[in-house]
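**Q** Below: one structure in structure tokens.
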Amino acid sequence: MAPPLAPLRICFVGQTGSGKSSIINALVDAMVAEVNPLPSTSATTVHQCRIDGMDMVHLVDLPGLDGKEKTTKHLLKEATRSDMIIWVLKANQPARSLDSDFKQHFDAFYLATARRSQKRPVIIGVLNQVDRLPPVQEWHPPYDLENPKTPKAKTIKAALAYNRDLLGLNELMPLAVAENQPPYHLDELKKRIDTSCQQGLQTQLNRRRIQTNGMGKIRDQAGRLYQSGRSLFAIIAADNGKQGKI
């Protein structure tokens, strides 16, 4: 029999200070899951999320982009064996060369002749800390970013368009998860992760099929977890509540 699927691997990519760890902490709190830190190497931290006692999701906090060859090689290895990527950009950080350079390495990996049949992990772009964009003193969400009326909303929309085009991202979501204020667009990020779970599993299957010339078997628990229309976060929260009643 082919081996079962590994836990869904969600990697967080971004520069140092972009807020990757804060976003992971916010997601973990939203999950209300049994989360265990796994042994880390090369400044990579893996958060293991378990459901029904089974290892189901890994949230991988990668080292920050620094332009060094050793770091780039490590990040490329981790990113290209992930099932989903959350690419975090700090909204008020204008320097994007580190992100652009790594995105070029990432794209080149899949353009190589030997890998053109390998499925890329879905990339969810996140423009973090949009509350710090000018005018800084104006922060009264929600904002209509389709038809912005206020200076803040117009700045957020412009920053989203600029960074999305610069990195060639299909989508880029605004986010703010400061400790002293309610999270902004965290629910939207959770929903986007939910809708990408099935695609993430297909990415993993494709990668395994290429590496082993075989098809991995989805275990019953994984199939149940990612049924169409079911929320990853709701399932984890429900499972946690069920265990609390025992």
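The values are calculated or read from the model by the stated rules, or taken from the named source; none is laboratory data. What you are looking at is a predicted structure, and each value in this text was computed from that prediction instead of being measured. Virtual Cβ from ideal backbone geometry, glycine too; neighbours counted across all protein chains shown. Remember, those area values only see protein heavy atoms, side chains included, never the ligands or the DNA or RNA. Shrake-Rupley method; radii C 1.70, N 1.55, O 1.52, S 1.80 Å.
**Q** Would segment 173-192 turn up any residue that is modelled with pLDDT of 95 or more, touching a strand residue (DSSP E or B) at 6+ places or on another chain (Cβ under 9 Å), of a type in the set (Val, Ile, Thr) and crowded, with 18+ Cβ neighbours inside 10 Å?
**A** no
**Q** Counting just the residues of segment 153-171 that are aliphatic (A, V, I, L, M), touching a residue at least 24 places away in the same chain (Cβ under 8 Å) and out of contact with any Ser or Thr (no Cβ under 8 Å at 6 or more places or on another chain), which one comes out surrounded by the most Cβ atoms within 10 Å (Cβ to Cβ)?
**A** Ile156
**Q** Something else now. Counting just the residues of segment 87-117 that are over 26 Å from Pro174 (Cβ atoms) and of a type in the set (Ser, Thr, Tyr), which one comes out modelled with the highest pLDDT?
**A** Tyr110
**Q** Looking at (1) over 14 Å from the mean Cα position of the chain (by Cα); (2) in a loop (DSSP other than H, G, I, E, B), find the lone condition where Phe106 falls short.
**A** Only one criterion is unmet by Phe106, namely (2).
**Q** Can you confirm whether segment 52-63 contains a residue that is among the acidic types (Asp, Glu) and either surrounded by 20 or more Cβ atoms within 10 Å (Cβ to Cβ) or under 25 Å from His185 (Cα atoms) (or both)?
**A** Yes, there is a match, as at least one residue in segment 52-63 is among the acidic types (Asp, Glu) and either surrounded by 20 or more Cβ atoms within 10 Å (Cβ to Cβ) or under 25 Å from His185 (Cα atoms) (or both).
**Q** Still on this model: Go through segment 144-182 residue by residue and tally those that are over 18 Å from Gln93 (Cβ atoms), acidic (Asp, Glu) and in a helix (DSSP H, G or I).
**A** Count: 0.
**Q** I'd like the residue in segment 41-51 that is of a type outside the set (A, V, I, L, M) and surrounded by fewer than 13 Cβ atoms within 10 Å (Cβ to Cβ) and, out of all such residues, is modelled with the highest pLDDT.
**A** Out of the qualifying residues, it is Ser42.
**Q** Among the residues of segment 17-36, what is the count of those that are open to solvent by 50 Å² or more (accessible area, probe 1.4 Å) and either among the hydrophobic types (A, V, I, L, M, F, W, C) or at pLDDT 90 or above (or both)?
**A** Looking only at that region, the number is 1.
**Q** Residues to consider are Asp55, Asp61; find the one that is within 13 Å of Gly17 (Cα to Cα) and either in contact with a strand residue (DSSP E or B) (Cβ under 7 Å, 6 or more places away or on another chain) or of a type in the set (Gly, Ala, Ser) (or both).
**A** Asp61
**Q** Which is of a type in the set (Asp, Glu), free of Cβ contacts under 8 Å to residues at least 12 places away in the same chain and either more than 22 Å from Leu62 (Cβ to Cβ) or surrounded by fewer than 14 Cβ atoms within 10 Å (Cβ to Cβ) (or both), of Asp144, Asp107, Asp131?
**A** Asp144
**Q** Check segment 73-96 and report whether any residue there is open to solvent by 70 Å² or more (accessible area, probe 1.4 Å) and within 23 Å of Leu205 (Cα to Cα).
**A** yes
**Q** Of all residues in segment 113-122, count the ones that are open to solvent by 30 Å² or more (accessible area, probe 1.4 Å) and either within 23 Å of Arg192 (Cα to Cα) or part of a helix (DSSP H, G or I) (or both).
**A** Result for segment 113-122: 6.
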